[in-house]
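> Structure incoming, see below.
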Amino acid sequence: MVLSCENELPEILRQVDIVNFREAMTERHEDYEIAFVEGSISRKEEAHKLRKIRKKARVVVALGACSSTGGLNCLKNRFPMRYLQEEVYGRGAHKKKAFDTDTVRPIDAFIHVDYYIHGCPIPKKEFLSVLTALLMGSVPKITNHPVCVDCKLAGNICVFEKGKTCLGPVTRAGCDAICVTYGGVCWGCRGLVDDPNIGAHTETLKRYGLTADSVMDSFNLYDRCAIKRKR
Amino acid sequence: MKFITKTGLKALVTGLIRDYKVYGTVKKDGFPAYGEITDAKQLVLLQTPTHLSAKGFVFPERETLLRFNMEDGSHKPVVEAADQVIIGLHACDIHAMLLMDRVFAYGAPDANYLARRAKTLVIGTDCMPDEHCFCQSIGTMHATEGFDLFLHQTKNGFAIDVGTKRGAAILRKYTKAVTAAASEIRNMEAFEKKRAGSFKTRLDAPAAALPAIYARSDASPVWDRIGSICYGCGSCNNVCPTCYCFDVRDEPAANLKQGERVRVWDACTLEEFALVAGGHNFRKPRGARLRHRFNRKFRYLTDVFNAPFCVGCGRCIRTCLVNINIAEVTNELIAEDAKRGIIDETVRTKKAER
């Protein structure tokens, strides 16, 4: 998503030097001030690397759902590790160091995170607004209202009115409700708002025909880590 | 009163499309909504309210207020307004727009709103209440001003109230209107009579009594109860035709040289609405936010503008996923208040309130 900012990248490169960008360049430099960190943490060596980044960077920004909330990867946490290792890497894998994998955590389970860019994928405009705010020396604005706001601003008909269900009322907006706008529903990829009314939404989902298990499944898809922490 | 046939309305809409941006009531995914009309066939005059109100046409959900240049410190106001027509507003929506007109002209007049409003023609239409409409209890059931034309659907066509000279002019220019026959007017009156008897939602006290009742209800247990089920999702604000709060943000371009100041709709039921420097929040609990919103509708703004700021359209009731119902809550407060046994003057003076 960062690389798809074609129109803005030349302007951005006039303001900053990109010194380390594994997906886009081979050269690497370890002297940086702002670090955008993608991905969740599931191995000890990743946690070690993350702590090193925190020591070097003045500002750490979690980039994307995996990094910010753990994302889909957290689904793994509902199974025993040994089962997972054998399922993915074959029998006896849990004994091998190369397949050493642990519970999945968002990066703020290990280090202090200054700012978050949520979503899977992240919205381009949110990345640009956080970056420009940091360069201007102002505080980046991280949306903390439910997707319902973005839906109304987009003029969408509520999916509940169409007899479907979604996680919009407790999910952090900032995505312009793009999934609903294009005929889908909100799956909660941006994680929960700071103060979600989980109890009310559980009741609503049940009222719209979901069972207790399917209610938990929908919360767990992107938010297993967050829900667990809140309880 | 004038009259046009159904074909006459088609001619009017087709003519308007040639010269204006035309918006009107349509079916979106099968649901009543406002949308752009590029062909007269798209217009569906609806009997029940749309999901969102028409406020976005005069007060867009997001608009640029000025463009600035950070290199030389210059800035230029942006006022964007095009000639437009909105077709299909009901009486409650027209009352709401009249209230918005007063709000945006109050204090420092809002150039953007007023420019857009001056270029907007309003064509209203009659309606039939659904289970959540309660304009009858508020006094917004009929509109006598605030529209250019008002269409009453009759058996053979439309009996038309002409509200302004601009309304008379478009009627002359684009279609052939005749004086409405007595039978059409009788038809219209019969419909209005049926309508007046069709309201299922009512407030149990006159609108003029509500400011005082709300003033005595700050400590009501109602607020905690509805606060516990509220999402704080802002939907009630965003669908409301009289909620006008907005946030203003500066958005620098990626080159950090130019930028735009934009305003976007804000909502008092959102967690960050009353958040100030230092992380202090005046209305952190959801119940306190709802109490504020309801008081804005029936008390605070009534003090300033001497009119309730709820027009009884019922949109906030329909949109609420946890069924928080402003009419039911108000009736509960009225019942609680009656138990207090205070004999009250229905219209209190401002002095008494302060």
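> Could you state the number of Å between the C-alpha centres of the stretch B:223-267 and the stretch B:27-69?
Cα centroid to Cα centroid, the span is 18 Å.
> Okay, next question. I'd like the accessible area for residue B:106, computed on protein heavy atoms only with a 1.4 Å probe and all protein chains in place. Round to 10 Å², please.
For residue B:106, solvent-accessible area is about 140 Å².
> Measure off 7 Å from each Cα along the Cα-to-Cβ vector at residue A:208 and residue A:14, then give the distance between these two points in nanometres to one decimal.
About 4.6 nm separates the two model spin labels.
> If you don't mind, there's one more thing I want to ask. Mind grabbing the interface size between A and B? I mean buried accessible area, both sides, 1.4 Å probe, in Å² to the nearest hundred.
So the total buried area for this chain pair works out to about 2900 Å².
> For the stretch A:45-195, what's the relative contact order in percent, using C-alpha pairs closer than 8 Å and at least 6 residues apart?
23
> Extension gain residue B:261-residue B:245, at 0.36 nm per residue separation less the Cα-Cα distance, in nm?
Between residue B:261 and residue B:245, full extension yields 4.1 nm more.
> Let me ask you something else. Keeping the other protein chains in place, figure out the carbon and sulfur percent of the accessible area of chain A, with a 1.4 Å probe.
52
> Next question, about the same structure. Which percent of the Cα-Cα distances in the protein assembly as shown go past 40 Å?
37
> Something else about it: Specify which residue in the list A:26, A:115, B:52 is farthest towards the positive end of the charge dipole of the protein assembly as shown, using unit charges on the beta carbon of Lys, Arg (+1) and Asp, Glu (-1), about the Cα centre.
Ranked along the dipole, the leading option is B:52.
> Something else: Calculate one ³J(HN,Hα) per residue across the stretch B:302-315 by plugging θ = phi - 60° into the Karplus curve 6.51 cos²θ - 1.76 cosθ + 1.60, and present them in order as whole Hz with x for glycine and proline.
Here the 3J(HN,Hα) series is 5, 4, 7, 10, 6, 8, x, 9, 10, 9, x, 6, x, 4 Hz.
> If you don't mind, another one. Would you tell me the mean number of C-beta atoms belonging to other protein chains that fall within 10 Å of each C-beta in A:199-208, as a whole number?
Average per residue, whole number: 3.
> Then there is this: State, in angstrom, two size descriptors of chain B derived from its alpha carbons: Rg to one decimal place and Dmax to the nearest whole number.
In Å, with Rg to one decimal and Dmax whole: 22.0, 69.
> Still on this structure, I have one more. Take every Cα pair under 8 Å in the stretch A:147-230 that's 6+ residues apart, average their separations, divide by the length, and report that relative contact order as a whole percent.
RCO, the stretch A:147-230: 29 percent.
> Also, quick follow-up: With a 1.4 Å probe and all protein chains kept in place, how much accessible area does residue B:1 have, in Å² rounded to the nearest 10?
We get 80 Å² for residue B:1.
> May I pose another question? Take the alpha carbon atoms of chain A, find their radius of gyration, then divide it by 2.2 N^0.38 Å using N residues; give the quotient.
1.10
> Excluding residue B:258 itself, calculate the net charge of residues whose Cβ lies under 12 Å from the Cβ of residue B:258, where each Lys or Arg counts +1 and each Asp or Glu counts -1.
Values: positive: B:67, B:76, B:257, B:261; negative: A:11, B:71, B:72, B:250, B:251, B:260.
Charge balance in the 12 Å sphere: -2.
> Which residues of the stretch B:258-280 show a drop of at least 50 Å² in accessible area when all protein chains are present, compared with their chain alone (probe radius 1.4 Å, heavy atoms only, ligands and nucleic acids excluded)?
Going by heavy-atom accessible area, the residues of the stretch B:258-280 that drop by at least 50 Å² are B:271, B:272.
> With a 10 Å radius around each residue's Cβ, average the other Cβ atoms per peptide and rank B:117-125, A:156-164, highest first.
Numbers: B:117-125: 20.9, A:156-164: 16.7.
Packing proxy ranking, top to bottom: B:117-125, A:156-164.
> Could you point to the residue in A:198, A:165, A:151 farthest towards the positive end of the stretch A:147-230's charge dipole, with +1 and -1 charges on the Cβ of Lys/Arg and Asp/Glu respectively?
The Cα lying farthest towards the positive end belongs to A:198.
> I've got another one for you. Using 1/(1 + (r/R0)^6) with R0 = 25 angstrom and r between the beta carbons of residue A:33 and residue A:138, what's the FRET efficiency to the nearest 0.05?
Working from the Cβ atoms, E equals 0.95.
> Order B:291-298, B:136-143, B:217-224 from most to least packed using the mean count of other Cβ atoms within 10 Å.
B:291-298, B:136-143, B:217-224
> Within 10 Å of each Cβ of B:246-254, how many other protein chain Cβ atoms are there on average?
4
> Additional query: Roughly how many percent of the accessible protein surface of chain B is carbon and sulfur, given a 1.4 Å probe and a whole-percent answer?
54
> Step through the residues of the stretch A:118-127 one at a time and calculate ³J(HN,Hα) from phi using the Karplus curve (6.51 cos²θ - 1.76 cosθ + 1.60, θ = phi - 60°), rounding each to whole Hz and writing x for Gly and Pro.
Working through the residues one at a time gives 8, x, 9, x, 6, x, 3, 5, 6, 4 Hz.
> Residue B:169 label point, 7 Å along Cα→Cβ, cut-off 20 Å on backbone N: hits in the stretch B:56-98?
B:81-87
> Using a 1.4 angstrom probe, figure out how much accessible area the protein assembly as shown has per residue, in square angstrom, rounded to the nearest whole. It would help to have the intermediate numbers written out before the result.
Values: 28250 Å² over 585 residues.
Solvent-accessible surface per residue comes out at 48 Å².
> Counting every Cα pair in the stretch B:50-174, what percent are over 26 Å apart?
32
> Then there is this: Show me the GluC sites (Glu not before Pro) within the stretch B:1-77 that DSSP assigns to loop and that have at most 14 other Cβ atoms within 10 Å of their Cβ. Present the calculation step by step, with values, prior to reporting the outcome.
Details: sites: B:36, B:61, B:63, B:71; in loops: B:61, B:71.
Here the sparse-neighbourhood loop sites are B:71.
> At a probe size of 1.4 Å, how large is the accessible area of residue B:144, to the nearest 10 Å²?
The accessible area of residue B:144 comes to roughly 130 Å².
> If you don't mind, there's one more thing I want to ask. Just give the residues from the stretch B:16-31 buried by at least 10 square angstrom of accessible area in the all-chains context relative to the isolated chain, probe 1.4 Å, and say none if nothing qualifies.
When all protein chains are present, B:28, B:29, B:31 each give up 10 Å² or more of accessible surface.
> Testing the spin-label approximation: label points 7 Å from Cα along Cα→Cβ at residue A:162 and residue B:181. State their distance in nm.
4.5
> Let me ask something else about it. Given only helices, namely DSSP H runs of n ≥ 4 each adding -39500 (n - 2.57), what is the per-residue ellipticity at 222 nm of chain B, to the nearest 500 deg cm²/dmol?
Working: 14 runs with 124 residues, N = 354.
So the calculated ellipticity at 222 nm is -10000 deg cm²/dmol.
> Label residue B:193 and residue A:79 with points 7 Å out from Cα along Cα→Cβ: what is the distance between them in nm?
Each label point lies 7 Å from its Cα, and together they span 7.3 nm.
> When DSSP assigns beta bridges and you keep just the ones with both residues in chain B, what percent turn out antiparallel, to the nearest 5?
On the way: 36 of 48 bridges.
Here the share of antiparallel DSSP bridges comes out near 75 percent.
> In percent, what relative contact order does chain B have, based on Cα pairs under 8 Å that are 6 or more apart in sequence?
Once divided by the residue count of chain B, the mean separation gives 21 percent.
> At 1.4 Å probe size, put B:184, B:131 in order of accessible surface, largest to smallest.
Order by accessible area, largest first: B:131, B:184.
> Just tell me how shielded A:140-149 is by partners: mean number of partner chain Cβ atoms within 10 Å of each residue's Cβ, no decimals.
That average works out to 5.
> Please identify every one of the trypsin sites (Lys or Arg not before Pro) in the stretch B:26-113 that sits in a loop by DSSP and has no more than 16 other beta carbons within 10 Å of its own beta carbon.
none
> To continue, here is another question. Within the stretch B:136-211, what is the number of lysine pairs with alpha carbons under 27 Å apart, leaving out pairs fewer than eight places apart on the same chain?
8
The values are calculated or read from the model by the stated rules, or taken from the named source; none is laboratory data. Keep in mind that this is a model prediction, so the values were computed, not measured. Neighbour counts run over all protein chains shown; Cβ positions are idealised from the backbone, glycine included. Note: accessible area is taken over every heavy atom of the protein model, side chains too, but ligands, DNA and RNA are not part of it. Shrake-Rupley method; radii C 1.70, N 1.55, O 1.52, S 1.80 Å.
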